[in-house]
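To keep things clear, I will list the structure first and then write my remarks on it.
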Amino acid sequence: MKAARRDAILLFVLLLTVIFMVSCAPAPSPEAAATASPVPTRVPTLYRSQIDPTPCPTLPAPLLYSAAPTAEPTPSPTPTPRPEGLLGGKYAWRFTDKEVLTDHTYSNSTVSISWDMYRDEISYSSPVTFYVADVLVQDVTSLTTAFAKGRYEKGGTKPMEDIAKNSNSIIAISGDFARWHKNGIIVRNGEVFRKIKHTSDLCVLYKNGVMETYTPRTISVQEVLDMDPWQSWHFGPELLDHEGQPKKKFNTEVWGRNPRSVIGYYEPGHYCLVIVDGRQGKYSLGLNMQELSQLMYSLGCVRAYNLDGGATAHMTWLGKVINSPSKDRKVHDIICICFPEN
């Protein structure tokens, strides 16, 4: 009986000790709580694994980083019948019977453009600012080019804004400085200006809307001409392989971080024009080739081609430069979408 009483007393004392220790334990500090439950870091949403797997992704607007995907506009219940064109009836809601112009978009019955500025402070060692114009055309002839002096043979350069205004462009980016190259086939708006084999990577946009890139000695000038080219560019390098995957090796001497000018391709009738700002400290240092390749892959492109970058990298909207070029450099030629002729 005495042993049972002793055990009960010991158990009671032990219980009191446990209660006392729990009540006196210090509360966790805010720092410790934060360490225990970290706030998730925002990550880019504009990545191939998070976009529509079809080859025609729609860019979110206006920011690269967002908590939820941007909802697509609801199609009209009785849309106006439109010619299928290159897109085969896709993205009908992006086209309009009449011209519609806003600060960041333009549309009519055959062309649709939407552009925005994006800032990535996560993917790289320093912030990168870039501009993406998403371009839909029913006819490839809507994607045009223009020379500073009006003709390839005249050569020369002019301020980007002057060329953009003279060509009546809606949106434009700097091209490939065609006259600077000593070789390579040059085709602009269906007109052949030069028929020399290419020694650097070649990009060709054909009249059927397909855009293809070629490394040296993989296609002849005659083979290109036989497939009816609409535009060709000879600067490079190509940024994606022929499986649409990012590359690690490039046919270029301009590898490091720089401002960039790029044309990307999703499918016939769907393209993007990209400008990356650079050489400007914490605002934007630019991208090297491998980073640029990964960016174009992340945007969903299946082909992408590097154009004349550096201080030449400009994008205009309604004839005004909208990016922040590292210098005010004149350019030789542009890629543009223009207002229809009345």
Seminar exercise, completed: When the range 111-140 is checked residue by residue, the ones that are polar (S, T, N, Q) and free of Cβ contacts under 8 Å to residues at least 40 places away in the same chain are Ser112, Ser125
For this session: Confirm whether Asn342 is modelled with pLDDT under 95 and either aliphatic (A, V, I, L, M) or out of contact with any Ser or Thr (no Cβ under 9 Å at 6 or more places or on another chain) (or both).
Result: yes
Exercise. From Asn323, Asn251, which residue is in contact with an Asp or Glu (Cβ under 6 Å, 6 or more places away or on another chain) and more than 22 Å from Ser169 (Cβ to Cβ)?
Worked result: Asn251
Seminar exercise, completed: Inside the range 222-246, the number of residues satisfying the requirement of being aliphatic (A, V, I, L, M) and touching a His at 6+ places or on another chain (Cβ under 8 Å) is 0
Exercise. Restricting the search to the range 125-174, which residues are of a type in the set (Gly, Ala, Ser) and at pLDDT 95 or above?
Worked result: Ala133, Ser142, Ala146, Ala148, Ala164, Ser167, Ser169, Ala172, Ser174
Exercise. Does Arg217 qualify as being among the charged types (D, E, K, R) and either in contact with a Leu (Cβ under 6 Å, 6 or more places away or on another chain) or more than 26 Å from His314 (Cβ to Cβ) (or both)?
Worked result: yes
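To keep it simple, each residue is scored yes or no on (1) under 22 Å from His181 (Cβ atoms); (2) buried (at least 22 other Cβ atoms within 10 Å of the Cβ).
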{"position": "His198", "(1), (2)": "yes, yes"}
{"position": "Cys203", "(1), (2)": "yes, yes"}
{"position": "Tyr206", "(1), (2)": "yes, no"}
{"position": "Gln222", "(1), (2)": "yes, no"}
{"position": "Ser232", "(1), (2)": "yes, yes"}
{"position": "Arg257", "(1), (2)": "no, no"}
{"position": "Val262", "(1), (2)": "yes, yes"}
{"position": "Gly269", "(1), (2)": "no, yes"}
{"position": "Val274", "(1), (2)": "yes, yes"}
Exercise. How about the range 250-295: which of its residues are modelled with pLDDT of 95 or more and over 18 Å from Phe130 (Cα atoms)?
Worked result: Phe250, Tyr266, Glu267, Pro268, Gly269, His270
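The values are calculated or read from the model by the stated rules, or taken from the named source; none is laboratory data. Model, not experiment: these values are computed from the prediction. Neighbour counts run over all protein chains shown; Cβ positions are idealised from the backbone, glycine included.
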